[in-house]
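The values are calculated or read from the model by the stated rules, or taken from the named source; none is laboratory data. Just so we're clear, the structure is a prediction, and the values are computed from it rather than from any experiment. For neighbour counting, all protein chains shown are included, and Cβ atoms are generated from backbone atoms with ideal geometry for every residue, glycine included. When the accessible area is computed, the model is the full protein with side chains, heavy atoms only, and any ligands, DNA or RNA have been set aside. Shrake-Rupley method; radii C 1.70, N 1.55, O 1.52, S 1.80 Å.
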4 protein chains.
Amino acid sequence: MLIKPLRGVVPPMVTPLKDNETLDIGGLERLVEHILSGHVHGLFLLGTTGEAPNLSYPMRHEVVKRVCKQVRGRVPVLVGITDTVLIESLDLAQTAYAAGAAAVVAAPPYYFAPGQPELVEYYNRLADRLPLPLFLYNMPSHTKVMIDPETAYKLSENENIVGLKDSSANIVYFNKVRHLLRARPDFALLIGPEEALGNVVLMGAHGGVSGGANLFPQLFVDLYDAAVAGDVAKVCKLQERVMTISAALYGVGQHMSSFIKGVKCSLALMGICSDFMVEPFNHFRKEERELIRRRLIELGVETVDSGQSTVDS
Amino acid sequence: MLIKPLRGVVPPMVTPLKDNETLDIGGLERLVEHILSGHVHGLFLLGTTGEAPNLSYPMRHEVVKRVCKQVRGRVPVLVGITDTVLIESLDLAQTAYAAGAAAVVAAPPYYFAPGQPELVEYYNRLADRLPLPLFLYNMPSHTKVMIDPETAYKLSENENIVGLKDSSANIVYFNKVRHLLRARPDFALLIGPEEALGNVVLMGAHGGVSGGANLFPQLFVDLYDAAVAGDVAKVCKLQERVMTISAALYGVGQHMSSFIKGVKCSLALMGICSDFMVEPFNHFRKEERELIRRRLIELGVETVDSGQSTVDS
Amino acid sequence: MLIKPLRGVVPPMVTPLKDNETLDIGGLERLVEHILSGHVHGLFLLGTTGEAPNLSYPMRHEVVKRVCKQVRGRVPVLVGITDTVLIESLDLAQTAYAAGAAAVVAAPPYYFAPGQPELVEYYNRLADRLPLPLFLYNMPSHTKVMIDPETAYKLSENENIVGLKDSSANIVYFNKVRHLLRARPDFALLIGPEEALGNVVLMGAHGGVSGGANLFPQLFVDLYDAAVAGDVAKVCKLQERVMTISAALYGVGQHMSSFIKGVKCSLALMGICSDFMVEPFNHFRKEERELIRRRLIELGVETVDSGQSTVDS
Amino acid sequence: MLIKPLRGVVPPMVTPLKDNETLDIGGLERLVEHILSGHVHGLFLLGTTGEAPNLSYPMRHEVVKRVCKQVRGRVPVLVGITDTVLIESLDLAQTAYAAGAAAVVAAPPYYFAPGQPELVEYYNRLADRLPLPLFLYNMPSHTKVMIDPETAYKLSENENIVGLKDSSANIVYFNKVRHLLRARPDFALLIGPEEALGNVVLMGAHGGVSGGANLFPQLFVDLYDAAVAGDVAKVCKLQERVMTISAALYGVGQHMSSFIKGVKCSLALMGICSDFMVEPFNHFRKEERELIRRRLIELGVETVDSGQSTVDS
């Protein structure tokens, strides 16, 4: 089902919402098709960008079932199961398996910061009970702990652990993991921040989990393809476009949530889905929304003429 | 129901477990009576010490129902509802209310670190929907964010927010909150780390959420009483005893979980309840267990002659 | 010369300056007498509050010589020798010794963060070469490293290491050091942040290095005396006054330097010395200055009618 | 003198020492020639790798004079002037200028962490008083502060500020600075960690300040040349060699100082210079030294048969 190692652009999908307890179904369907139309290599549900830790459990399961059904195997679907409650992770993995997902993804439990030996035990025990292959997810800004290169190396010996997504932005860390795991060609190493996609894929990393691919999926696929082809000039040009988008859309507002707010607001203005965010976050209000609109226009993106703060489905 | 401000020693109860999905019912009952026998002023369920973020939801609800029923109003029961999923916090609060708990306690959502304005919105919206009064819980080592003194001050204007538990160990922070809130005599300010209980109650803080009171409840009540009475010499003597216990029992092993492991292991050796810890943590193995045993004996505590790693109920 | 353990209020003196390379001699003399008039128990030159790491070496030596000469043994003078260059620390200690200072104070070298074993070696080797007794200075916000309680304990075995000043604001840390060192009655434990002076001296700490004592030395001495006498009510009242001053004067502006800027600006407005700060810092400009003035007036402090940004000497 | 932008490999030279107060003159001369023999594009004296903050001032001046004299303009020499004392930075810059250095390099003052507006003021005032062009040096692990991309952008408007060396290892940061400064083609952007040299030069960064080039200068020059030529396969191969060296030599021991200790120990074993480290650090003792020796041999490097812990000059 999952071809190892996983390669390419695997967008971490935002979760379109009508309110705290209701999915924006129409928006969700449009978003999935919008992303797939960019020829991405996979789809990652319920990650950080998907606001997963803030979503109710029934909603998480619903997202998995709906999207897997809609995707119908066109690309592998990865499902985030990060949780502090082990049984909830396992339940969600079961749903993912039943729905036809290809793999699951888990960051370390994020209230108590585990030590490295605790991480090794945790991930091994988790992997041994999962019905699907597992990707590690290094996300120290949110979990307070790095998955040390040596820890990743030990865990790569577990057959059911098939890759690592690194969102640390630490390039030395990323290259150390790659170097340590050079003898494990089936183990996928994916980078989180899209601002570094070109830098690492050019030199052999397997791909990226690029949030901006919610908005511009083809751009990231083109960037990935150019990098795999070793077309440095094209990589530079496309990465520059990514940097322009990042500077325009992700830094409005402040706090850890700015990136997600910017992506959701842009999607709403592009007529794709609602920008509602689950509590405790708020979508952008009018002022930030208009700023995002102006910047989208500068980027050459058509926006819908909606005065509403969210898009109807 | 809740006399404001809440004063005294409110132990954050550990959660006795048989395995990941089963409460140690006998141990739980013995533990509640053991703690109440020390004349404590309240009982705090499902806090950090209670491993709450790692417990399954059904188990959290069961703990609340069982303990409230057993306590029968002898002391006010506080229930931790900290969660990244708002609806789970509200559900648990509903159970707490129905079971007769006196208040709920919430740390900031702990995956995305909110900014201060986001915290104000979050807590106000939460408090407005709760059936019980709310205590704020400052726990930056786990949530990555401080509840700024000014934020606490703003939130104290919400009638349903009745206090703050501070586990930052930052005495300047604690005193700044006290100073800012000096005109709100009904707002309770409780300290987390027992190693500082005497220092702050002597000077007017309302009490402490002392984990060691799972083991030695009367000691902490005596310390609190001495501090309220302004008996400095006695406070120093009893605080010294607390420091001796802390040095002996809480620093075995490493990682954030050492404190809970030490308390649970000691309780098992005292014959009160099992020391099982919910995944991803492990209870102490034999070597650490024997070290804890030796230290309990040095402290003059009788231990049971169990060769098992947990206590039968 | 130095009575062990050192007890009481030891103000960390600001360094009055005319410009980057010139002391404000008149201001310095007035400031020393102003502080001594409050019956303080010592004087600490060239600490963080004294902007020592930013002062030129000739100026540091000049401050030591001038102040020691002026103090003439009325109180013990402590001299900060914290530096990344060992030989500069030793040189300054030699000047301190020759000038009649009682002790020196050193935080860990602050560019490379040393590990704990490196700290033990560093401090032992330093102490063995110093002509004066040494105080450790725990200042993790600036040096990036805590002097662990066990490290302090090991170092206390060196006869020439006679105390520790803790500016971490971590009360659990402070109490752990006290507990570990309970068998070393000659080892002084002083607290940095004045906002916690009452809390720790009431329970036996030896004193405080209170920056606000530059402004109101008698207040801190009264607070210390009340704490030593176990007069809890008086301690609370005076500590409340300290909190009021802290809230009024130390939080204007932002950045790590706000405290020093607030103290220097207040001293200038009280007619005692210039508020010039050595590069890379700037004293407060007009707006902040007028805010400080209003707050001093609210505190009942007379201010001079100077339109200048600094005071002439 | 300095061709803008500076491009290529600019090794941060270690400082060969006989003891705390004496340079290893023979070793210094051999080291300079060893590095230059690798066709590097510049030489950076008195950086972090050079232990500059721990060296006495006379020694810093001596290093600058000796090396500039020996280099005789064969490559541009950059001189680190980072200091908490402004006048010492200026003095050293004057010596650098007189000796014929091409530029100076300064990290933020590192005791008090400045805010961003303070950084802008500091660097502008510094640059305006320097006799040589200035490189910014982003080193948050040691200085506690990032030079924000916007700050770098503002500072790039100062004609005398000609580049930035980034040692944060944060690739998103690095690419953001590059993007913001894309309209300033004369402003050099160099990366610190050699483990990422290929990733950034391939995509247009100007070069690297690679510590390992003390040992293997030609390797880094070859890597740089391959990256400039867009020869991705060769970049990957050479970067892999760098990763192998990094894994073998830089992680022996622990603490921030391990990298420097590993480089110095290797240089001693290669017969180039002494491995003495200035206090508060120690060179590796026998056990680590033999480990480094074995690893050098595995790397195919010949080692000298010295039983001494340092090399005679």
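Can you bin region B:2-104 into rounded, prolate or oblate? Criterion: square roots of the alpha carbon gyration tensor eigenvalues sorted a ≥ b ≥ c, rounded for a/c under 1.5, prolate for a/b above b/c, oblate for the rest. Here region B:2-104 falls in the oblate category.
Give the distance, in whole Å, between the Cα centre of region A:36-105 and the Cα centre of region D:16-64. So the separation of the two Cα centres works out to 55 Å.
Taking the square roots of five times each eigenvalue of the Cα gyration tensor of region C:75-149, the equivalent ellipsoid has semi-axes of 21, 12, 11 Å, listed largest first. Distances between copies at C:Gln218, taken between label points 7 Å from Cα along the C-beta direction, are 4.9, 7.9, 8.1 nm in increasing order. For chain D, the antiparallel share of DSSP beta bridges with both residues in that region comes to about 10%. Given a 1.4 Å probe and the protein chains all in place, what does the accessible area of C:His34 round to, in Å² to the nearest 10? About 50 Å², rounded to the nearest 10. Under 13 Å Cα to Cα from A:Lys154, which aspartates and glutamates show up? Leave out anything in the same chain fewer than 8 places away. List returned: A:Glu118, A:Glu121. For the protein assembly as shown, the carbon plus sulfur part of the accessible surface works out to 51%, probe radius 1.4 Å.
By how many nm would the segment from D:Leu36 to D:Glu121 lengthen if fully extended, with 0.36 nm per residue of separation less the alpha-carbon distance?
Extending this stretch completely gives an extra 27.0 nm.
Indicate the gyration tensor shape class of region A:8-230 (rounded, prolate or oblate), computed on the Cα atoms with a ≥ b ≥ c the square roots of the eigenvalues: a/c under 1.5 is rounded; otherwise a/b larger than b/c is prolate and the rest oblate. Note, shape of region A:8-230 comes out oblate.
This model, with +1 at the C-beta of Lys and Arg and -1 at the C-beta of Asp and Glu, gives chain C a dipole about its Cα centre of some 460 debye. What is the angle, in °, between the Cα long axis of helix A:217-228 and the longest principal axis of the Cα atoms in chain A? Nearest 10 is fine, range 0 to 90. It works out to around 40 degrees. Partner shielding of D:196-209 amounts to 4, given as the average count of beta-carbon atoms from other chains within 10 Å of each residue beta-carbon.
Residues in chain A average 34 Å² of solvent-accessible surface per residue, probe 1.4 Å, ligands and nucleic acids excluded.
Rounded to the nearest 10 degrees, what's the angle between the helix A:86-99 long axis and the longest principal axis of chain A, both from Cα atoms, 0 to 90? Between the helix axis and the principal axis of chain A, the angle is about 70 degrees.
Ordered from largest to smallest accessible area (heavy atoms of protein chains, 1.4 Å probe), the residues D:Lys176, D:Lys144 come out as D:Lys176, D:Lys144. Applying a threshold of 18 Å to the alpha-carbon distances of A:Lys176/D:Lys165; D:Lys261/D:Lys286; C:Lys165/C:Lys264; B:Lys65/B:Lys261; B:Lys165/C:Lys176; B:Lys237/C:Lys176 flags A:Lys176/D:Lys165; C:Lys165/C:Lys264; B:Lys65/B:Lys261; B:Lys165/C:Lys176 as lying beyond it. Per-residue surface analysis assigns A:Thr84 an accessible area of about 10 Å², computed on protein heavy atoms at 1.4 Å probe radius. Neighbouring Cβ atoms from other chains, within 10 Å of the Cβ of residues in A:107-116, number 6 on average.
With a simple spin-label model that places each label point 7 Å from the Cα along the Cα-to-Cβ direction, the separation between D:Gln94 and A:Arg129 comes to 7.0 nm.
Sorting the segments D:70-82, B:67-79 by their mean number of nearby beta carbons within 10 angstrom, highest to lowest, gives D:70-82, B:67-79. Which whole-number percent gives the relative contact order of region C:8-230, counting Cα pairs below 8 Å spaced six or more residues apart? RCO, region C:8-230: 22 percent.
Assuming charge only on the beta carbon of Lys and Arg (+1) and of Asp and Glu (-1), the dipole of region A:114-255 about its Cα centre is about 100 debye to the nearest 20.
Computed with a 1.4 angstrom probe on protein heavy atoms, the A-B interface buries about 3800 square angstrom of accessible area in total.
The distance linking region C:154-231 with region A:251-284 is 49 Å (Cα centroid to Cα centroid, whole angstrom). For chain C, a Gaussian network of Cα nodes joined below 10 Å ranks C:Val145, C:Val263, C:Val14 by mean-square fluctuation, and the top entry is C:Val145. Interface residues of region A:243-280, defined as those losing at least 50 Å² of solvent-accessible heavy-atom surface relative to the isolated chain (probe radius 1.4 Å), are listed as A:Met243, A:His255, A:Met256, A:Glu279, A:Pro280.
Between copies, the label points at A:Arg72 (set 7 angstrom from Cα along Cα-to-Cβ) are spaced 6.4, 7.8, 9.9 nm, reported in nanometres from shortest to longest.
Mean partner shielding of peptide D:68-81, defined as the number of other chain Cβ atoms within 10 Å of each residue Cβ, is 0.
Tilt of helix C:171-180 relative to the longest C-alpha principal axis of chain C, in degrees (0 to 90, nearest 10)? The two axes meet at around 40 degrees.
Per-residue 3J(HN,Hα) values for region B:49-58, derived from phi via the Karplus relation 6.51 cos²θ - 1.76 cosθ + 1.60 with θ = phi - 60°, read 4, x, 6, 3, x, 9, 7, 5, 5, x Hz in sequence order (x marks Gly and Pro).
State the antiparallel share, in %, of DSSP beta bridges confined to the protein assembly as shown, rounding to the nearest 5. Numbers along the way, then the final one.
On the way: 10 of 102 bridges.
Antiparallel: roughly 10 percent of the beta bridges in the protein assembly as shown.
Think of chain D as having a plus end and a minus end, set by charges on the Cβ of Lys, Arg, Asp and Glu; of D:Val32, D:Gln239, D:Ala96, D:Gln239 sits farthest toward the positive end of this dipole. Contact residues in region D:144-179 by the 30 Å² criterion (accessible area, 1.4 Å probe, full protein complex versus chain alone): D:Lys144, D:Ala169, D:Ile171, D:Val172, D:Asn175, D:Lys176, D:His179. For C:Met256, the accessible surface of its heavy atoms amounts to roughly 70 Å² (probe 1.4 Å, protein chains only, rounded to the nearest 10).
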